[in-house]
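Here's the structure we're looking at; comments come further down.
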C-alpha cells in the first residue's frame, strides 16, 4: 500500500476533470471513459474515439518511459481473477451506462439522481469487495 | 474534433498517471478498509468534481457546442435494476482488480501484465452487455 499523496491527487483530478469538461463544453458529449472505449467496438463514430485513445496511450507511454514507477507491475490477485474482474467492469459499466468518470464525475457534478445512485452503489460494493479480498489475502 | 479528442485523451492520461489512479494498488489502498488506508482517491474526486460543477455552469450559458448538435438535456430520473445491477457488477470488478476503464487502457502501454488481461476481458464484457441488453 502507498501513502496519501493529496497534491498529486488534486493535480491529477484537475487534469482528468479538464479533459472531460473540455469534451463536454466543445462537443456536448458526456464522454465518460467506459463510453469512449466501449464505442470503439460498438458505435459508428469511431474516429474521434480512436484519436482520444491514441492521446491516452501516447501520454501513458511517455510516463512509462520517463517514470516507470507511475505504474504497478504486479497484480493483487491471480490473472484469471483479473480477467473475471475485467469482464464484470465491462459488462457492468455498459449496463449502467457509465463508470467512475461518466457517473462519478460528469453525472454527480450535475446532481443527476441516476449518477448518484450508480456512484454510491459502485463505491459501496467496491469498498466491500476490496475489503473482503484484502482480508482473504492477509 | 479529432485533434481535440487527442488532446483530451492526453490530458486524461496525464491526470490518471499523476494522481496514481493508474495503479490498482493505490485505488485498492482506498477501497480496502482493512489495510493501510490511502485517501488519495478522495482528493482526485473532490478536485475533479469542483471543476465539473463549473463546467456545467458554463454549459448552461451556451447555446450549442462548437463540435456537436446540442448539449445534454436534464438528466433522466429512472432508477432501475439495470442501473443498480450494472453499477454493482462494476463495483465488484473494480474492488477485485483496482482498475476502472480509463486507467486500465492507459496502463496497456506500461507493460503491466494485468492490464493485458483486464482490458480484453473488459471489451468482451462491453460487447456482451450490448448483446444481452441493447
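Taking every residue in A:45-52, how many Cβ atoms of other protein chains lie within 10 Å of its Cβ, on average? Before the final figure, lay out each step's value.
Values: counts 1, 0, 3, 9, 3, 4, 9, 11.
Partner Cβ neighbours, averaged per residue: 5.
What does the structure give for B:61-73 when I average, per residue, the other chain Cβ atoms found within 10 Å of the residue Cβ?
Details: counts 0, 2, 0, 1, 7, 4, 7, 7, 2, 1, 6, 7, 0.
That works out to 3 on average.
When A:103, A:8 are arranged by Cβ crowding within 10 Å, least crowded first, meaning fewest neighbours, the order is A:8, A:103.
Centre-to-centre, using Cα atoms only, segment A:46-123 and segment B:1-72 are separated by 10 Å.
For A:29, B:60, which order do you get if you count the other beta carbons within 10 Å of each Cβ and list the fewest first?
Numbers: A:29 21, B:60 9.
Result, fewest neighbours first: B:60, A:29.
Would you mind ranking B:37, A:48, B:56 by Cβ crowding within 10 Å, fewest neighbours first? The partial results should precede the final answer.
Working: B:37 12, A:48 23, B:56 17.
Result, fewest neighbours first: B:37, B:56, A:48.
Across A:122, A:71, A:91, mean-square fluctuation computed from a Gaussian network of chain A (C-alpha pairs under 10 Å connected) peaks at A:71. With springs connecting C-alpha atoms under 10 Å apart, model chain B as a Gaussian network and identify which of B:36, B:23, B:63 has the largest mean-square fluctuation. Top of the fluctuation ranking is B:63. Need one word for segment B:1-66: rounded, prolate or oblate. Basis is the Cα gyration tensor (sqrt eigenvalues a ≥ b ≥ c); a/c below 1.5 gives rounded, then a/b vs b/c decides. Since a/c reaches 1.5 but b/c is at least a/b, the shape of segment B:1-66 is classed as oblate.
Per residue of peptide A:102-109, the mean number of Cβ atoms on other chains within 10 Å of the residue Cβ is 5.
Only the coordinates and a few stated rules stand behind these numbers; no lab work does. Note that this is a predicted model, so its numbers are computed, not measured. When we count neighbours, we look across all protein chains shown, and the Cβ atoms used for this are built from the backbone with ideal geometry, even at glycine.
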